[in-house]
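First comes the structure, then the notes that go with it.
The values are calculated or read from the model by the stated rules, or taken from the named source; none is laboratory data. All values derive from a computational prediction rather than experimental measurement. Methodologically, a virtual Cβ is constructed for each residue, glycine included, from the backbone with ideal geometry; neighbour enumeration extends over all protein chains shown. Calculation scope for accessible area: heavy atoms of the full protein, side chains included, ligands and nucleic acids excluded. Shrake-Rupley method; radii C 1.70, N 1.55, O 1.52, S 1.80 Å.
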Amino acid sequence: MKGKQMLLDWVEEIRALTTPDEVHWFSGSQEEIKSLTDMMVEKGIAERLNEELYPGCTHFRSDASDVARVEDRTFISSKLEEDSGPTNNWEDPVELKKTLTGLFTGSMKGRTLYVIPFSMGPIDSPYSKLGVEITDSPYVVINMAIMTRAGDAALARIEAGEEFVPCLHSVGAPLEEGQEDVAWPCAPMDKKYIAHFPEDRAIWSFGSGYGGNALLGKKCFALRIASIQARDEGWLAEHMLILKLTSPEGKVYHVTGAFPSACGKTNLAMLVPTIEGWKVETVGDDIAWMHYGEDGRLYAINPEAGFFGVAPGTSEKSNPSAMATIQKNTIFTNNATNAKGELWWEGMGVEAPENLVDWKGQPWDPESGEKAAHPNARFTTPASQCPTIAPDWEAPMGVPIDAILVGGRRATTIPLVHESFNWQHGVFMGSIMGSEVTAAVISDKIGQVRRDPFAMLPFIGYHVGDYLKNWLSATEKSSEDKLPRIFYVNWFRKNDEGKFIWPGFGDNSRVLKWITERIDGTAPARKTPIGYVPAFEDLDLTGLDVDEEEIRDILTIDRDEWLEEARSIREHFDGYGEKMPRELYDELDALEERLSED
Ligand code: O2Y
Ligand code: MN
């Protein structure tokens, strides 16, 4: 859709379909955010936190059935099923629109329809894209105000004739005359739909008010729809952090990183280096849009304006920058609070305050064994408040990328770090990455590797084989010497006692240092069958108390383990069918050959 008239027509069409009591255009002003928040506090939907401890912060509790992204209810509804590929749920778009039109009919009765114009990316960036979310959730409005550039500035660009992605959202809980509302309205699971229509560049989300299901600028637009736009327009929309690294000599490097969930991505984006003189600054913690510059280099922008981070496990030790960021103007969801307006979650690194009410709204007994906060409890916080935010995080043309990290959570086999031989081999690394299934996911596959190409498995808006082809095509758009170097990292190797060998967190800066030295051509590395690996002596481990033998171990390639890995990779590739690029099979064949050589 494009321009003012189309926007007005679409809003009117949705108003007539969903029959809200009122229509409210969100301007983005602070007064408006405050008045929406006050309204929710008055209605008992939200609680204000202690103003001295957490100025301008609120807390929400969701319905117990609406706590995370729902992948089973997420659809890529392309005209042809083969275009959505083996990694997505597909439904015929005509049928799905019919079903959803039925569900949206009258779905906003008794509620207000909010129109949120927004920009993904800095408002003055040529790489930004516009969207308009229609929602009946005021919680979504105030979250979108943090996570995107929402309001009049985005509207002005649309009114000037620019394209926008229509993002339709309803919590799916109309109110009958006189019916009392609940704090967190939503629809039952079988009525939830997170639907993407690639050919229309449109998103229709029904029945959930939570996170990625409802804040449609994030996963739905900036990854699923944007990945399709990126394929068609020749760029990359990726599930990656972006960080800026400065050496003691003042040399600057920019790094993006793709990691599946539970690998410490936000922590890495805000890392505090343990090595003297190095500095890490944050450009983004979740999504990177990367374009080829005129000089052939890849430039990344962070399309988001905030962080929607997992609260449990975030502490002064794991992420002091995130802790500083969330002290004000932050929305918390599904944590534990008390009548004093204190806030707590598991892994906060401080003792739990007294008389907590858990995320379900029940008095919490610390002895009960129950979690006070939901494991997917969140904070929504402005990126501008982050003490490590890079001064150029909103640079309209983005930042030039020197290295791309891929990685997962693997207890064995994958070394601490290895560098690809070239771009194609790097894309192969991205295509095979993944994590071992842990008890955190309900599955009968605990211990098995769940492969997650470039951490994009739930977010590729089209066929995974075509997605990998878009990565491979970088060498046609640029050249090996200009493209970022690709490194596979694994912070999660364990010893025989099941303990992590690498200390992680701030000490990951030691690996980043080796990576910058590889970029500069100053660090040696051993050529192994899987890529370039540092020797123990090549890493700066000054002041680190580690077992030398164990570190040597996580820098060693075990051929038998890797032959088994190669077998599992082939199974993974075969599962993606005929569209899997030949070049990646070539890489796999070459890997097996190198592993079999003396
Ligand atoms: O549960 C949700 O809806 C959020 S999922 C999420 C949030 C922030 C960053 N990344 C993710 C993810 O699933 O990758
Ligand atoms: Mn993510």
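A quick yes/no check of all residues on (1) over 29 Å from ASN470 (Cα atoms); (2) surrounded by fewer than 21 Cβ atoms within 10 Å (Cβ to Cβ); (3) more than 16 Å from ligand 2 (Cβ to nearest atom); (4) not aromatic (Phe, Trp, Tyr):
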| site | (1), (2), (3), (4) |
| --- | --- |
| THR246 | yes, yes, yes, yes |
| GLY277 | yes, yes, yes, yes |
| VAL280 | yes, no, yes, yes |
| ASP285 | no, no, no, yes |
| ALA288 | no, no, no, yes |
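Please go through region 559-582 and give me each residue that is over 25 Å from ALA411 (Cα atoms) and either crowded, with 20+ Cβ neighbours inside 10 Å or within 28 Å of the chain's Cα centre (by Cα) (or both), ordered by number. Let's see the steps before the verdict.
Let us first name the residues in region 559-582 that are over 25 Å from ALA411 (Cα atoms), namely 576-582.
Result: TYR576, GLY577, LYS579, MET580, PRO581.
Which is outside any strand (DSSP E or B), outside the structural domain of LEU215 (by TED's automatic domain parsing) and within 14 Å of ligand 1 (Cβ to nearest atom), of SER315, SER261, SER321?
Working: SER315 fails: within 14 Å of ligand 1 (Cβ to nearest atom); SER321 fails: within 14 Å of ligand 1 (Cβ to nearest atom).
From the options SER315, SER261, SER321, the qualifying one is SER261.
Cβ separations smaller than 7 Å between residues 6+ apart or across chains give the following pairs from region 1-18 residues that are in contact (Cβ under 8 Å) with a residue 60 or more places away in the chain and farther than 19 Å from PHE118 by Cβ to residues that are hydroxyl-bearing (Ser, Thr, Tyr) and surrounded by 18 or more Cβ atoms within 10 Å (Cβ to Cβ): THR18/SER107; THR18/SER170. Condition (residue is more than 16 Å from ligand 1 (Cβ to nearest atom), at pLDDT 95 or above and either closer than 30 Å to ASN338 by Cβ or in a loop (DSSP other than H, G, I, E, B) (or both)) applied to region 431-445: is it met by at least one residue? No, that holds for no residue.
Sub-7 Å Cβ pairs linking a first residue in region 78-94 that is under 15 Å from GLU578 (Cβ atoms) to a second residue that is surrounded by fewer than 13 Cβ atoms within 10 Å (Cβ to Cβ), at least 6 apart or interchain, are PRO86/GLY575, ordered by first then second residue. Highlighted here are the strands (runs of 3 or more DSSP E) found entirely within region 1-105 that include at least 1 residues which are touching a strand residue (DSSP E or B) at 6+ places or on another chain (Cβ under 6 Å) and among the basic types (Lys, Arg): 46-48.
Within region 586-598, the set of residues being open to solvent by 30 Å² or more (accessible area, probe 1.4 Å) and either closer than 18 Å to GLY434 by Cβ or of a type in the set (D, E, K, R) (or both) comprises ASP586, ASP589, GLU592, GLU593, ARG594, GLU597, ASP598.
A count restricted to region 342-395 and to residues that are farther than 30 Å from SER125 by Cα and either open to solvent by less than 20 Å² (accessible area, probe 1.4 Å) or aromatic (Phe, Trp, Tyr) (or both) stands at 11.
Can you confirm whether region 288-301 contains a residue that is within 13 Å of ligand 1 (Cβ to nearest atom), assigned to a loop (DSSP other than H, G, I, E, B) and touching a strand residue (DSSP E or B) at 6+ places or on another chain (Cβ under 8 Å)?
Just the residues of region 288-301 that are within 13 Å of ligand 1 (Cβ to nearest atom), to begin with: 288.
Checking the rest, the ones that are also assigned to a loop (DSSP other than H, G, I, E, B) come to none.
No.
Scanning region 403-441 for residues that are open to solvent by 30 Å² or more (accessible area, probe 1.4 Å) and in contact with a Pro (Cβ under 8 Å, 6 or more places away or on another chain) gives ARG409, ALA440. Could you check SER77 against (1) open to solvent by 40 Å² or more (accessible area, probe 1.4 Å); (2) of a type in the set (Gly, Ala, Ser); (3) touching a helix residue (DSSP H, G or I) at 6+ places or on another chain (Cβ under 7 Å) and say which number it fails? Here SER77 meets the rest and fails (1). In this structure, GLU281 qualifies as modelled with pLDDT of 95 or more, away from ligand 1 (no atom under 16 Å from the Cβ), in contact with a Ser or Thr (Cβ under 8 Å, 6 or more places away or on another chain) and not assigned by TED's automatic domain parsing to the domain that holds ASN213. The set of residues from region 30-41 being open to solvent by less than 60 Å² (accessible area, probe 1.4 Å), within 27 Å of the chain's Cα centre (by Cα) and farther than 14 Å from VAL115 by Cα comprises just one member, THR37.
If you go through region 170-206 one residue at a time, how many are touching a strand residue (DSSP E or B) at 6+ places or on another chain (Cβ under 9 Å) and farther than 15 Å from ASN89 by Cβ?
To start, the set of residues in region 170-206 that are touching a strand residue (DSSP E or B) at 6+ places or on another chain (Cβ under 9 Å) comprises 170-172, 183-184, 187, 191-198, 200-206.
Filter again for farther than 15 Å from ASN89 by Cβ, leaving 170-172, 183-184, 187, 191, 200-202.
Of the residues in that region, 10 qualify.
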